[in-house]
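A.B. asks: First the structure, which I've put down as structure tokens, then a few questions once you've had a look.
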Amino acid sequence: MSVLRVRDPFHRGQLAIAALFCSLGFQYATWASRIPALKSGLGLSAAEVGVLLMAAGVGAAVSFPVVAALMRHLGSQRLALLSALCLALLLPALAAAPNYPVALLVMCVDGVLVGCLNVAMNAQGAALETRFERNTMARLHATFSGGSLLAALLASGMNAVTSAVAVHFTAAAAILLLLVAYARTGLLTDDQLPAETGQKKKKRAGKWTAPSRVTLWMCVAMAFGTVTEGAMNDWSALYLEDVTDASAELAPLGIAVVSGMMVVARLFADGWRGRWGDGRVVLAGSALAGVGLLLALLSGGLVPALLGFACVGLGIAAVTPCVYVAAAGQGSDSLTLVAAMGTTGLLAGPPLIGFIAGASSLVWGFAAVAASALVVCACSTRITWTAAEPEQLTRT
């Protein structure tokens, strides 16, 4: 099926950008699913695996100057397609890495490319909303989770057929190339992007300038929002097992509840944004996440914990899509900086919670997660949000 067969220009663009979000989730989950095989094939220790994983995060976190320059010179359409194409080709390169240093280099490049695609595809999504005055960003972010699920299913099927990482990654690369080809003709071109104000044009024409106060508030909100999201994914199972004495069979329910609620919330969040506005959605959602988790920690037990986790998944799901839209309204440099802070939050969040838990307990570690959500709540009152227009924006 070709995106050209979709007559409605909004849905054509929506499907094309969704293919990019899906490809990023698929690419990430593909190599993450084969970490044990990569560890064995390269003869790595547990510490070396940790450094390998960190290399991708560091590459993404420090990619801000590169991404900002590429966005100015290439535009979001070309940068999105180029970075998605390179990410597809990077999978076979990782499988063919002959030693640990080469694998580290590949993963660092992967992080930079992820930073490029993350900014470019979110810029496309925000531009699509502005051009057609219809919300879609939350659903686009839901397709990222769909891509991760697809990659997990493929990994399971490939493992049943062959243990060869190269075969698996080559098949995955072929799927990614199909997604890139699908997206190619449906993305917004530079002349279709919303016109910028004179002030934004001056910023883009010159060198990078210091971010505005509003952008800094967005950076803080994005960082703490992704700290909350990342920490819940990495520590929820251990919390259920160690604190609530859940069985090994029930412990994974923590991740399932958080992830499931996030997917469901993102499917409906665009309607909420159109009805109440991005600012109220972020304010109410982050408050629900923080207060719900705190009440669960105070109550103790498995059921309250799962209810608290559900509150976090439901409440935090719309934070990143809304902040990305607000950042895009400030210009590409602001969007790039906010995206880099989001990556930093994902990178720093889980280790930070581990440090707190090691110094005290997991209960205090999760209290810090709740506090992070409440920081987002406070920041939301300082950010300039797009006003809701229910007559136009609730259509999908």
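A.B. asks: Roughly to the nearest percent, how much of the accessible area of the chain is carbon and sulfur, given a 1.4 Å probe?
C.D. replies: Working: 11420 of 17010 Å².
C and S fraction of accessible area: 67 percent.
A.B. asks: Another question about this same structure. Would you mind telling me which residue in Asp234, Asp333, Asp245 has the biggest mean-square fluctuation in a Gaussian network model of the chain, where springs connect alpha carbons within a distance under 10 angstrom?
C.D. replies: Per the Cα network of the chain with a 10 Å cutoff, Asp245 tops the list.
A.B. asks: Same structure, new question: Whole number in Å², please: accessible area per residue of the chain, 1.4 Å probe, ligands, DNA and RNA not counted. Don't skip to the end; give the middle numbers.
C.D. replies: Working: 17010 Å² over 396 residues.
With all protein chains present, the chain gives 43 Å² per residue.
A.B. asks: Using the Cα centre as the reference, give the magnitude of the dipole from point charges on the C-beta atoms of the range 1-121 (Lys, Arg: +1; Asp, Glu: -1; all else neutral), rounded to the nearest 20 debye. Present the calculation step by step, with values, prior to reporting the outcome.
C.D. replies: Numbers: 7 positive and 3 negative charges, 75 e Å.
That gives a dipole near 360 debye.
A.B. asks: If packing is taken as the mean number of other Cβ atoms within 10 Å per residue, what is the order of 359-367, 55-63, 94-102, 165-173, highest first? Write down the numbers at each step before the final one.
C.D. replies: Details: 359-367: 16.8, 55-63: 21.1, 94-102: 14.4, 165-173: 18.9.
My ranking of the peptides, most packed first, is 55-63, 165-173, 359-367, 94-102.
A.B. asks: I've got another one for you. Would you mind finding the longest exposed-site-free stretch of the chain, with exposed trypsin sites (Lys or Arg not before Pro) meaning DSSP loop and at most 14 other Cβ atoms within 10 Å? Mind dumping the intermediate values first?
C.D. replies: Values: sites that count: Arg7, Lys207, Arg382.
It runs 8-206.
A.B. asks: Where nothing but the Cβ of Lys and Arg (+1) and of Asp and Glu (-1) is charged, how large is the charge dipole of the chain around its Cα centre, in debye to the nearest 20? Write out the running numbers ahead of the final one.
C.D. replies: On the way: 24 positive and 19 negative charges, 267 e Å.
Dipole magnitude for the chain comes out near 1280 debye.
A.B. asks: May I ask you to derive the FRET efficiency for Thr381 and Phe268 from their Cβ-Cβ distance with R0 = 22 Å, giving the value to the nearest 0.05?
C.D. replies: In this case the efficiency is close to 0.40.
A.B. asks: Apply the a/c threshold of 1.5 to the C-alpha gyration tensor of the range 284-363 and tell me whether it is rounded, prolate or oblate.
C.D. replies: oblate
A.B. asks: Please work out the Cα convex hull volume for the chain and give it in Å³ per residue.
C.D. replies: Numbers: hull volume 53.3 nm³, N = 396.
So the per-residue hull volume is 135 Å³.
The values are calculated or read from the model by the stated rules, or taken from the named source; none is laboratory data. All of these numbers come straight from a predicted model, not from anything done at the bench. Every residue, glycine as well, gets a Cβ built from its backbone with ideal geometry; the counts of neighbours run over all protein chains shown. Surface areas here come from the heavy atoms of the whole protein model, side chains and all, with no ligands, DNA or RNA. Shrake-Rupley method; radii C 1.70, N 1.55, O 1.52, S 1.80 Å.
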